[in-house]
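Step one of this worksheet: look at the structure below.
Taken together, the values in this text are just the output of simple stated rules run on the coordinates, not laboratory data. The shown structure was predicted, so the numbers you read here are calculated from the model rather than taken from an experiment. Here the Cβ is made from the backbone with ideal geometry for all residues, glycine too, and neighbour counts use every protein chain on show.
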Amino acid sequence: MGLRDKYAYAIQTAKGKFDGSAQERDGKLYWTGSVKTENEKNEIWSAIKTIPDWKNDIVADIKVTGGPAAAATKTYTVKSGDTLSAIAKEHLGSANAYMKIFEANRDQLSDPDKIKPGQVLKIPA
């Protein structure tokens, strides 16, 4: 299995957001390009980091070109009894959009069913 296969989830996550390439050479996967927002960059990094030994495989230069749009991210502080579905319904208009919130918070969530009061979650646009 090649590195592009190993990181297929990250490559899929980058589609439509990442203007660049992920090239495999010399036993590493080189990501070179840009995204419009810091959020998009973080999404790609979160997807890359789902592979435990990513530090051995990845060399990345992902630039953010959009600037202020990155600051438009909303956040939500989890309260007792909250679920990602309920938060998604309130902020995104559909309970089924809970995976968007989960993906935007992969840096702190490992399971969409395990959120804790006090966590500050990013709410994607």
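The P(r) of the range 17-125 has a tail past 17 Å containing 59 percent of all C-alpha pairs.
The value of relative contact order for the range 73-123, using C-alpha pairs under 8 Å at least six residues apart, is 52 percent.
Put a dot 7 Å past the Cα of GLU38, heading toward its Cβ, do the same for ARG25, and the two dots end up 3.2 nm apart.
Computing FRET efficiency as 1/(1 + (r/R0)^6) for SER110 and VAL59, where r is the C-beta to C-beta distance and R0 is 25 Å, gives about 0.50.
Taking 22 Å as the cut-off for C-alpha to C-alpha distance, list the pairs among LYS41/LYS79; LYS6/LYS89; LYS55/LYS100; LYS74/LYS114; LYS89/LYS114; LYS6/LYS55 that go past it. Checking Cα-Cα distances, LYS41/LYS79; LYS6/LYS89; LYS55/LYS100 exceed 22 Å.
Along its principal axes, the range 1-57 has C-alpha extents of 30, 20, 16 angstrom, given from the largest down.
Each Cα pair under 8 Å and six or more residues apart adds its separation to the average, and for the range 17-125 the resulting relative contact order is 25 percent. Counted residue by residue at 0.36 nm each, then reduced by the alpha carbon distance between them, the extension gain from VAL120 to THR75 reaches 15.6 nm. The ASN96 and MET1 beta-carbon pair, evaluated with R₀ = 35 Å, returns a calculated FRET efficiency of approximately 0.60.
Once you mark the trypsin sites (Lys or Arg not before Pro) that are in a DSSP loop and have at most 15 other Cβ atoms within 10 Å, what is the longest gap between them in the chain? By the stated rule (loop sites, at most 15 other Cβ atoms within 10 Å), 80-113.
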